[in-house]
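Enquirer: Quick one: this structure, given as C-alpha cells, is what I'll be asking you about.
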Amino acid sequence: MKSLTKRVLTSVIALPILFASAFLFEQYHHPLLMLIFMAAISFGTYEMSEIVKKIGRISPIVYLAPLLPLVAYIEKYLIGEDIFVFFLFVILSALAFSIEVFKGADDDFKTSIDTLGRSLLVLTYPALLSIFLVNILFLENSSYHIALYFFFVFGEDTFAYFSGMLFGRNNRGIVKVSPKKSIAGFIGGILVPSLFGFLAPVLFPNAFTFSPVYGAFLGAITAVFGALGDLVESTFKRSADVKDSGFIIPGRGGILDSLDSLLFAAAPFSIMTIIFEML
C-alpha cells in the first residue's frame, strides 16, 4: 500500500476520533482527549528516548517525563493554575543531574555534560511542550478552540503536502534538513489555516470573540510553528540517522512524526488566543 493511501486511511480513522473527543465531556475538561494525549506523550517520550540513545546514554529519569502533562491537567482542573508542573520539571532535571554524580563515574565523567543535555532534551520534548496542549483544554469554549487548533495544524500539514506536490517541483530544497519541502508547500500550508482563522469568528461568533483579522493572524502563526515543529523533529532524526521516530502509525511512522507539529504550535496558539480574546 502506497504511503499516500496509508496517510489518507490513517487520517480518516484518527481525525474523526480526535474531533469527536473534543466535544465529549467538555464540562469535565475533556478527560477522553486527555487520555489520548497522555498515551501519545508516553509513546512519544519512549520514541524520543530511543532516538537520543542512538547518540549516547541518557538518564533513566527521562521516563518520568509523561508525569508533566498529567500533573498540569490535574493542577489546572483542581486550582486553575499550572505552577507546580514547572517545579516538577526542575525536580526531574535536578534528579537527572544528581544521578549523573554517580553514573558519570563509569567513564570518568567525560560524557556527563552531553548525557545531561540529551536528558533535558527528552524531558522537554515532548513532555514539557505538551503542557500547552493541556492548556488548550481549559480555554473558554474549549471544544471549539480544540477543533480550530486541529484544523490549523492538520490543515497546514495536509495543504502543504498537496501544494508541494502540485506546485513545488521546481522550488524544493529550501531547508537542507528536509529537502523535499518546497516554497509552494510552505505558502499553501499557511494560507489555508489563515482562511480557517478568518472564517472561525464569522461562522461561530459566540465561540470565538477575536476579530477575523486576528483569527487569520492566529491561523498563520500556528501554521508557521506547526511547520517548524516538523522541521525540528526532522533535525532530531537526522542527527540520530533514523528515518521515522517509530512505526506505530501507518504511512506516518511513529507518534512523534504526527505529534511534532501539534507540540510546537500549542504554545503560540494557546497564548495568542488568550491575548486576542482580551483585545
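The values are calculated or read from the model by the stated rules, or taken from the named source; none is laboratory data. Just so it is clear, the structure is predicted and the values come from calculations on it, not from any experiment. Every residue, glycine as well, gets a Cβ built from its backbone with ideal geometry; the counts of neighbours run over all protein chains shown. All accessible areas refer to the heavy atoms of the entire protein, side chains included, with ligands and DNA or RNA removed. Shrake-Rupley method; radii C 1.70, N 1.55, O 1.52, S 1.80 Å.
Enquirer: Rounded, prolate or oblate: which fits the chain, taking a ≥ b ≥ c as square roots of the Cα gyration tensor eigenvalues, rounded meaning a/c under 1.5, else prolate when a/b beats b/c? Each step should come with its number before you reach the end.
Expert: On the way: a/c = 1.96, a/b = 1.26, b/c = 1.56.
Verdict is oblate for the chain.
Enquirer: What is the local net charge at residue 145, summed over the other residues whose Cβ is closer than 15 Å to its Cβ (Lys, Arg +1; Asp, Glu -1)? Spell out each step's value before the answer.
Expert: On the way: positive: 76; negative: 26, 140, 277.
Taking every other residue near residue 145 into account, the sum is -2.
Enquirer: Using label points projected 7 Å from each Cα along Cα→Cβ, tell me how many nm separate residue 91 and residue 204, to one decimal.
Expert: In this crude label model, residue 91 to residue 204 measures out at 3.6 nm.
Enquirer: Name the most mobile residue of 71, 85, 101, meaning the one with the largest mean-square fluctuation, in a Gaussian network model of the chain with Cα contacts below 10 Å.
Expert: Comparing 71, 85, 101 in a Gaussian network model of the chain, the most mobile one is 101.
Enquirer: Which value, in debye to the nearest 20, gives the size of the charge dipole of segment 17-91 about its Cα centre, when Lys and Arg are +1 and Asp and Glu are -1 at the Cβ?
Expert: Values: 4 positive and 6 negative charges, 72 e Å.
It works out to roughly 340 debye.
Enquirer: While we're on this one: Charges at C-beta only: +1 for Lys and Arg, -1 for Asp and Glu. How large is the resulting dipole of segment 127-231 about its Cα centre, in Debye rounded to 20?
Expert: Values: 5 positive and 4 negative charges, 101 e Å.
It comes to approximately 480 debye.
Enquirer: OK, next. Between residue 244 and residue 124, how high is the FRET efficiency from 1/(1 + (r/R0)^6) when r is the Cβ-Cβ distance and R₀ = 30 Å? Nearest 0.05. The partial results should precede the final answer.
Expert: On the way: r = 21 Å, r/R0 = 0.70.
About 0.90, to the nearest 0.05.
Enquirer: Calculate one ³J(HN,Hα) per residue across segment 198-210 by plugging θ = phi - 60° into the Karplus curve 6.51 cos²θ - 1.76 cosθ + 1.60, and present them in order as whole Hz with x for glycine and proline.
Expert: My calculation for segment 198-210 gives 5, 7, 4, x, 6, 7, 10, x, 7, 8, 10, 9, 7 Hz in order.
Enquirer: Starting from the 7 Å offset along Cα-to-Cβ, what nm value, one decimal, do you get for the label separation of residue 232 and residue 74?
Expert: 2.7 nm
Enquirer: In addition: What number, in percent, do you get for the relative contact order of the chain if the mean sequence gap of Cα pairs under 8 Å and at least 6 apart is divided by its residue count? List each step's numbers first, then the result.
Expert: On the way: 395 pairs, mean separation 59.0, N = 279.
Over the chain, the number comes to 21 percent.
Enquirer: Right, here's the next one. What is segment 112-253 by shape, rounded, prolate or oblate, if you read a ≥ b ≥ c off the alpha carbon gyration tensor as root eigenvalues and call it rounded for a/c under 1.5, prolate for a/b larger than b/c, and oblate otherwise? It would help to have the intermediate numbers written out before the result.
Expert: On the way: a/c = 2.39, a/b = 1.29, b/c = 1.86.
Oblate.
Enquirer: Then there is this: Could you give the angle, 0 to 90 degrees to the nearest 10, between helix 84-103's Cα long axis and the longest principal axis of the Cα atoms of the chain?
Expert: Approximately 30 degrees, to the nearest ten.
Enquirer: Taking the alpha-carbon centroid of each part, what is the distance from segment 187-220 to segment 42-92 in angstrom?
Expert: So the separation of the two Cα centres works out to 32 Å.
Enquirer: Further question: Step through the residues of segment 52-61 one at a time and calculate ³J(HN,Hα) from phi using the Karplus curve (6.51 cos²θ - 1.76 cosθ + 1.60, θ = phi - 60°), rounding each to whole Hz and writing x for Gly and Pro.
Expert: So the J values, rounded to whole Hz, are 5, 5, 6, 9, x, 6, 9, 6, x, 4.
Enquirer: So what's the angle, to the nearest 10 degrees on a 0 to 90 scale, between helix 67-79 and the longest Cα principal axis of the chain?
Expert: Result, in degrees: 60.
Enquirer: Further, regarding this structure: What figure, in Å² to the nearest 10, do you get for the accessible area of residue 186 with a 1.4 Å probe and non-protein molecules left out?
Expert: Number for this one is 90 Å².
Enquirer: Here's something else I'd like to know. So if each residue of separation counts as 0.36 nm, and I subtract the Cα-Cα distance between residue 174 and residue 14, what length gain in nm does that give? Before the final figure, lay out each step's value.
Expert: Numbers: separation 160, 0.36 × 160 = 57.60 nm, distance 3.04 nm.
Extending this stretch completely gives an extra 54.6 nm.
Enquirer: Please identify the longest segment of the chain free of exposed trypsin sites (Lys or Arg not before Pro), where exposed means a DSSP state other than H, G, I, E or B and no more than 14 other Cβ atoms within 10 Å.
Expert: 181-242
Enquirer: Okay, moving on. Considering the chain as a Gaussian network with a 10 Å cut-off on Cα pairs, which listed residue, 38, 48, 165, attains the greatest mean-square fluctuation?
Expert: Largest GNM mean-square fluctuation: 165.
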